[in-house]
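> This is the structure I want to talk about, given as structure tokens.
Every number in this text was worked out from the coordinates using simple rules, so none of it is lab data. This one's a predicted model, so the numbers in the text were calculated from it and none came from an experiment. FYI the Cβ positions are ideal-geometry reconstructions off the backbone, even for glycines, and counts take in every protein chain you see.
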Amino acid sequence: MLLIDDAVHIVIAASSDAETDAAPRADGTTPQAGAPGSLLLSTTVRSAPGVTAADAAALAGDDAIVRLDASGCVVTPGLVNAHHHLLQSAFRTLPGTRGVPMHVWLPTMAAAYARVGIDPELARASALVGVAEGLLNGVTTVADHHLTWPAGSDSVGIARATAAAARELGGRLAFVRGSARDDPEEAAASADAIAEALVPDARGGITDDGLLQLAVGPAGVHSDSEATFRLLGEVAARRGLRRRTQANEQVDVAIALEKYGKRPIRLLEEWGWLDDDVTLAHLCAVTDEEIALLAERGVTATHAPGCDLPMGWGIAPVAALRAAGIPVGLGTSGGGSNDAGHLLADARLAMQVAPLAGPPIDARSILSMATEGSAAGLGRPELGHLRVGAAADLCVWDVSGVADAGVADPVAGLLWGSPGRRPKHVVVAGRVVVRDYELVDHDQRALAAGLTTLLAARRAS
Ligand SMILES: [Zn+2]
């Protein structure tokens, strides 16, 4: 059992950080949520916060208590990256992919994929890098929307290799069997085969230990047909999987209007894809009527400003989405547009650009998007907070250095201060996976070298 000890401040849930919703102490008093203190974890959060040595001993029973020093630190729930493309970690800053329209970006990326070859070995090397990068930056759960399935590729092998990489590193993965112009029947058969191989009996597509989740998701109405949406939707319904897609990037709206004479949200409605098991990423160009419809249907959203801004797609009206009652999560998207899987950096960006797309959004609200908001879109109420019984995923952020000196509010400071901030310790499912800024069981340089070597060998051949 793990005792997170002596923190300056513990964020139990970013959405209610200022309120008292913490568990009662052993002596019957209720500590202030966010008060300085300690947390006791096993695979769940057992007591939070303000657990005393006596509480810890009583709760741990015969278990040994391992102490993780959090003095000078703020503790937050683990970050949930709701939208990534892990494979693109192998294709960052490619010439010809920055500042170009989508019709140039797509074939440039496709040519790079074809040159290297997409298979389980590359999926594994990319996922090791992408998941490790996420963990080192405080991302305890990542949703990998995998869109690249060359004809004849070993799709089960690719999914299996990605899932195994995340599991080896100790991170949580939501693998999304995507599609980008795939044959509809093949995409659906592949999604079904992946479900059978990875999560055969799992309720909601989530393994018993909660470390792996499977979902499905076409890239968007701009690339996939009604048949793909329908057939992947049928697999999701049969298997109890969540559905995800991308909508209302500038290009998505333009292509939908040109091809169908309708906007993407209307098409998704007609195709049965506006429901409470669906999460839509991007949503840059949505109208008030569309926002009202999404809210009415219980659709959730993912904001990905670190992709949308450089691609020139605009800024999602996050405040309006939230005001309509739509849970909004945060994602980085992948290395083809956003070359970092650093969700806290993108949380900072989301906060900074919010006033250009509506009213400003405060730091705690943005942090709640990067935790509870993303978890809501994955249908994972146990993630994104540290209430008693939550999955024990958290980050310990050292705020004792000069970059945080003079900061009046340590939680706001997490986002406003120290760009590029990384957590000192990261815990997933009660297990320390990052300690003192390094992976516990892996050498990040070896993971990076593994990918670099593989790419060099394939480009040379
Ligand atoms: Zn994306």
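> What is the antiparallel percent of DSSP beta bridges lying wholly in the range 79-377, to the nearest 5? Let's see the in-between values first.
Numbers: 1 of 31 bridges.
So the antiparallel bridges in the range 79-377 amount to around 5 percent.
> Quote the relative contact order of the chain in percent (integer), defining contacts as alpha-carbon pairs under 8 Å separated by 6+ residues.
Here the relative contact order equals 21 percent.
> Taking 60 Å as R0, compute the FRET efficiency from the Cβ-Cβ separation of ALA295 and ALA58 and round it to 0.05. Can you show the working numbers first?
Values: r = 45 Å, r/R0 = 0.75.
Efficiency at R0 = 60 Å is approximately 0.85.
> Where the centre of each part is set by its Cα atoms, how far does the range 213-262 sit from the range 320-358, in angstrom?
About 21 Å separates the Cα centre of the range 213-262 from the one of the range 320-358.
> Also: For the chain, with the dipole built from +1 on Lys and Arg beta-carbon atoms and -1 on Asp and Glu ones, taken about the Cα centre, which of VAL299, LEU147, ALA90 lies farthest toward the positive end?
In the chain, that residue is ALA90.
> Give the order of THR228, THR371, THR43 when sorted by the count of other beta carbons within 10 angstrom, beginning with the fewest.
On the way: THR228 25, THR371 32, THR43 15.
Listing THR228, THR371, THR43 from fewest to most nearby Cβ atoms yields THR43, THR228, THR371.
> Here's something else I'd like to know. To make sure I understand, if each residue's beta carbon is the centre and we count other beta carbons within 10 Å, what order do ILE194, ILE118 fall in, fewest to most? Numbers along the way, then the final one.
Values: ILE194 25, ILE118 19.
So the residues, fewest neighbours to most, are ILE118, ILE194.
> What order do you get for SER374, SER400, SER38 when you list them from fewest to most C-beta neighbours inside 10 Å? All intermediate terms of the calculation are to be shown ahead of the outcome.
Working: SER374 33, SER400 12, SER38 23.
Starting with the residue having the fewest Cβ neighbours, the order is SER400, SER38, SER374.
> Rule-of-thumb check for the chain: C-alpha Rg over 2.2 N^0.38 Å?
With N residues counted in the chain, Rg over 2.2 N^0.38 Å equals 0.94.
> Let me ask another. What length, rounded to one decimal in nm, is gained on full extension from ALA403 through to ALA456, with 0.36 nm per residue of separation minus their alpha-carbon distance?
Going from the current span to full extension adds 15.2 nm.
> Let me ask something else. Which value in deg cm²/dmol, rounded to the nearest 500, describes the helix-derived mean residue ellipticity at 222 nm for the chain, given -39,500 (n - 2.57) per DSSP H run of n ≥ 4 and division by the residue count? Don't skip to the answer; put the middle values down first.
On the way: 16 runs with 167 residues, N = 461.
Calculated at 222 nm, the ellipticity per residue is -11000 deg cm²/dmol.
> What length, rounded to one decimal in nm, is gained on full extension from ALA254 through to ARG230, with 0.36 nm per residue of separation minus their alpha-carbon distance?
6.4 nm
> OK, next. If you stretched the chain out fully between ARG238 and ALA151, how much longer would it get, using 0.36 nm times the residue separation minus the C-alpha to C-alpha distance?
Roughly 28.8 nm would be gained on extension.
> About its Cα centre, how strong a charge dipole does the chain have in debye, to the nearest 20, once Lys and Arg get +1 and Asp and Glu get -1 at the Cβ?
800 debye
> Still on this structure: When only Cα pairs under 8 Å and 6 or more residues apart are kept, what is the percent relative contact order across the range 261-302?
49 percent
> Only four residue types carry charge here, +1 at the Cβ of Lys and Arg and -1 at the Cβ of Asp and Glu. Report the dipole size of the range 231-325 about the Cα centre in Debye, rounded to the nearest 20.
That gives a dipole near 300 debye.
> Report the residues of the range 420-456 in range of a label on ALA340: point 7 Å along Cα→C-beta, backbone N strictly under 14 Å from it.
The answer is 420-423, whose backbone nitrogens lie closer than 14 Å to the label point.
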